[in-house]
Amino acid sequence: MVATCPTATGVWGWLAKIADPEIPVLSITDLGIVRDVQVNEDEVTITITPTYSGCPAMDAIAEEIRRSAKEHGIEHLHLVTELSPPWTTDWMSDAARQRLRDYGIAPPASSLVQIEAAKPACPRCGSVETRLVSRFGSTPCKAHYQCLSCLEPFDAFKRH
Amino acid sequence: MAAPLVEYLLRLGDNCLILSQRLSEWCGHGPVLEEDIALTNIALDLLGHARFWLSYAGEVEGAGRDEDKLAFLRDAGEFRNVLLVEQPNGDYAMTTARQFYFDTWHFHLLSALQQSTDSRIAAIAQKALKEVTYHLERSTDWIMRLGDGTEESHRRMQHAVDDLWMYTGELFEMDDIDAEMLRRGVGADLEALRPKWTEHLQKTFAKATLEVPPGKWMQRGGKRGVHTEKLGYLLAEMQFLQRAYPGAQW
Ligand SMILES: [Zn+2]
């Protein structure tokens, strides 16, 4: 078999298929965890950034990137972690926000809507009459809310 | 003594590591589920920050000690955290008071460190500050809720802020290491944080109907490795596995 050199587009393509271990409807590229891909002949450098500093999913994600790279015939992978600029939910695409909502998690407010106190709409019934139960939810990136219209509790992805 | 930068990074990392360990002790024991989750989330954030600082400390030191070796294989006298963070959890008021004193200081410290001439310190500070902003909002809320709550919660909250007051002076103490780091533009001016810290405290305590403790005498020593006996017990639990089974992994 003739080894072909990887391309950045190709690498981005398979990275987009790696799901976040805690929110499987989102991929690591949806979340903005992958910041950069550089290809130099057979060497690939992938730069990632953590969502939350202590996020335990980061180790699993790094492991999955390594495994996937090997599967795609990449022998020389450099996986670099960058903290700056710090991760923000503003990097999440509209399509990803919709997928979150469909999954039952209220998506983070967009920075275009600069209302700090804006409450998330209920992902089930769409009501904006919701209340914060706890600013810390089931994972570091989520807060816990309750809908005052349908009374269902729900997770909301925090704007960060 | 190690290079000033190593000492400085150990102080930053140890504060986060030791407070994280204390908060982890609440896991499964929180007064309500939401608080159990909140405290363990904060512990996780702080553990993440500790890893950033200690990894950097290990690299600068260049003696082959990584974040794990620094966390699990140092004795109490080698830890550089302030005395405040090693104080036991006590009741919920005590945990809340400790967190509020620390969060307010941590928030202003990280805000200042964002301007560090050391780009890695600035990047860690910028990253951590986003999370610590959340921590501070939460502990401020709880001070008001418990202070301006029932007679019982008020009494306990006042007792807790009084009891821990003597550990707050060390937060603003500038020693030779701090002065050297400030001179190089790497570190923060801790004395300059005091008015900001005091302002937030006075505002919050006023709303919480709490008295700002009047005491002037302060405990000190943590930054130089002189700790209260409580740190030893904490380390005995935290380090047990690596001490008993060196290099164990799972
Ligand atoms: Zn609803």
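The values are calculated or read from the model by the stated rules, or taken from the named source; none is laboratory data. A quick note: this is a predicted structure, and the numbers were derived from the prediction, not measured. Virtual Cβ from ideal backbone geometry, glycine too; neighbours counted across all protein chains shown. The protein model used for the area step is the full one, side chains on, heavy atoms only, and it has no ligands, DNA or RNA in it. Shrake-Rupley method; radii C 1.70, N 1.55, O 1.52, S 1.80 Å.
Of all residue pairs spaced 6 or more apart or on separate chains, those with beta-carbon atoms under 7 Å, a first member in the stretch B:206-229 that is free of Cβ contacts under 8 Å to residues at least 60 places away in the same chain and a second member that is surrounded by fewer than 13 Cβ atoms within 10 Å (Cβ to Cβ) and assigned to a helix (DSSP H, G or I) are B:212/B:202. Checking every residue in the stretch A:20-43 against the condition of being in a strand (DSSP E or B), within 12 Å of chain B (Cβ to nearest Cβ) and at negative phi gives zero matches. Scanning the stretch B:108-117 for residues that are of a type outside the set (S, T, N, Q), under 22 Å from residue A:82 (Cα atoms) and crowded, with 20+ Cβ neighbours inside 10 Å yields B:109, B:110, B:113. When residue A:148 is tested against (1) within 16 Å of the ligand (Cβ to nearest atom); (2) of a type outside the set (Lys, Arg); (3) in contact with a helix residue (DSSP H, G or I) (Cβ under 8 Å, 6 or more places away or on another chain), exactly one condition is not met: (3). Whenever a residue of the stretch A:118-134 is within 14 Å of another protein chain (Cβ to nearest Cβ), its partners that are away from the ligand (no atom under 11 Å from the Cβ) and of a type outside the set (A, V, I, L, M, F, W, C), lying with C-beta atoms within less than 7 angstrom and at least six residues away or across chains, give the pairs A:133/A:144; A:133/B:34; A:134/A:144; A:134/B:34. Summed over the stretch B:38-89, the residues that are within 11 Å of chain A (Cβ to nearest Cβ) and of a type in the set (A, V, I, L, M) give a count of 8. Selection over the stretch A:31-49 of residues that are surrounded by fewer than 20 Cβ atoms within 10 Å (Cβ to Cβ) and not polar (S, T, N, Q) gives a count of 8.
Scanning the stretch B:126-150 for residues that are within 16 Å of the chain's Cα centre (by Cα), open to solvent by less than 10 Å² (accessible area, probe 1.4 Å) and facing another protein chain (nearest Cβ under 9 Å) returns B:128, B:131.
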